[in-house]
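What follows is one structure encoded as structure tokens, with my remarks underneath.
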Amino acid sequence: MIVCNSGSYKKPTGDTRNNWVTMMFPTKCRFNCFGKQSHINTCTQAFRDLERFGFEFGDFGFAGNHVHFPVNVPKKYSLGDVEIMLKSHSSKKMFEMHSGFRKRYPRGSFWSGYEHHESTGLKNLEESSDYCRNQQLHHGVFVIDDCQQRLSC
């Protein structure tokens, strides 16, 4: 028996696998905090700030009192670490940008302790994204667009 080995195995430099997970975070006490577009924009931007650590996000779906989103988790983080990173950074940004949230959440805890996540493969990634995009329609939520718009000259 002859064992053939070329000896030229080259390890890939980047992360070659995908670890798409669909997550759902509800707000503390299920308060309807995502009824205004400015709140949705702040939370979305807070999540997107973490892309510098290697996260990839799909479409976000806000449904009044919770958010659904697919995220590609980098190899070096566990799901527990990811949950802590996402919740802590987004709640910090929400309290910075919207001072009225301190009245509703005096203890400084914006997200509930509950979270739901499920693995999402490449085959059903589009189904998961469609589900996230249609959250307002699915839950019958109307979002008020309170974002300030620029006037054209």
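The values are calculated or read from the model by the stated rules, or taken from the named source; none is laboratory data. All values derive from a computational prediction rather than experimental measurement. Neighbour counts are summed over all protein chains in view; Cβ atoms, including those assigned to glycine, are modelled from backbone coordinates with ideal geometry. Surface accessibility is based on the protein's heavy atoms, side chains included, excluding ligands, DNA and RNA. Shrake-Rupley method; radii C 1.70, N 1.55, O 1.52, S 1.80 Å.
Under the combined filter of DSSP loop state and at most 11 neighbouring Cβ atoms within 10 Å, the stretch 49-85 retains these trypsin sites (Lys or Arg not before Pro): LYS75, LYS76. Each of VAL82, VAL141 has its accessible area taken with a 1.4 Å probe; listed largest first, they run VAL141, VAL82.
Given the stretch 16-148 reduced to its alpha-carbon atoms as identical point scatterers, what log10 I(q)/I(0) does the Debye formula return at q = 0.12, 0.15, 0.22 Å⁻¹? Result of the Debye calculation: -0.44, -0.70, -1.47. Each Lys or Arg adds one and each Asp or Glu subtracts one; over the other residues with Cβ under 14 Å from the Cβ of GLU83, this totals -2.
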